[in-house]
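The values are calculated or read from the model by the stated rules, or taken from the named source; none is laboratory data. Bear in mind the structure is a predicted one, so any value in this text is a computation, not a measurement. Because the Cβ atoms are built from the backbone with ideal geometry, glycine has one as well, and the counts that use them run over all protein chains shown. Surface areas here come from the heavy atoms of the whole protein model, side chains and all, with no ligands, DNA or RNA. Shrake-Rupley method; radii C 1.70, N 1.55, O 1.52, S 1.80 Å.
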Amino acid sequence: QVQLVESGGGLVQAGGSLRLSCAASGRTFSWYTMAWFRQAPGKEREFVAAISPSGGVTHYADSVKGRFTISRDNAKTTTVYLQMNSLKPEDTAVYYCAASGTYPATTSRDYGYWGQGTQVTVSS
């Protein structure tokens, strides 16, 4: 069992930055592929980024490549981060952290553990 708690969301102007955090507790954090998904109103949940258990490999949705960076700290804080730069209004969504026991994993059905979500709103 893995418990995930996101933080760091908020309201930001277009072109600005935010860093999301997801603190994990429970079973060994370094076993899991970690990812961020997002869901905008009226839309399906979509993949944003994933990072391998060791942190050595990352995957990004085309819509965020070059703007977002996923990272993780397996040693001290057992936290996964999403640094979001050059934010656009279309990035507005609830962002969810997720953990998977498989790798690679870039679809929501690969993930069995989810956080409660954090709202990101980008104003134009």
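Based on this model, can you work out whether Val5 counts as open to solvent by 60 Å² or more (accessible area, probe 1.4 Å), part of a strand (DSSP E or B) and not charged (D, E, K, R)?
The answer is yes for Val5.
Which of the residues spanning the stretch 35-76 are at pLDDT 95 or above and of a type in the set (Lys, Arg)?
Correct list: Arg38, Lys43, Arg45, Lys65, Arg67, Arg72.
Please enumerate the residues belonging to the stretch 86-99 that are crowded, with 18+ Cβ neighbours inside 10 Å and of a type outside the set (A, V, I, L, M).
Across the stretch 86-99, the qualifying residues are Asp91, Thr92, Tyr95, Tyr96, Cys97.
Exactly one of (1) surrounded by 13 or more Cβ atoms within 10 Å (Cβ to Cβ); (2) in contact with a helix residue (DSSP H, G or I) (Cβ under 7 Å, 6 or more places away or on another chain); (3) more than 19 Å from Ser25 (Cβ to Cβ) is unmet by Thr102. Its number?
Every listed condition holds for Thr102 apart from (1).
So which residues in the stretch 4-28 are touching a strand residue (DSSP E or B) at 6+ places or on another chain (Cβ under 8 Å) and without any contact (Cβ under 8 Å) to a residue 60 or more places away in the chain, if there are any at all?
Ala23, Ser25, Gly26, Arg27
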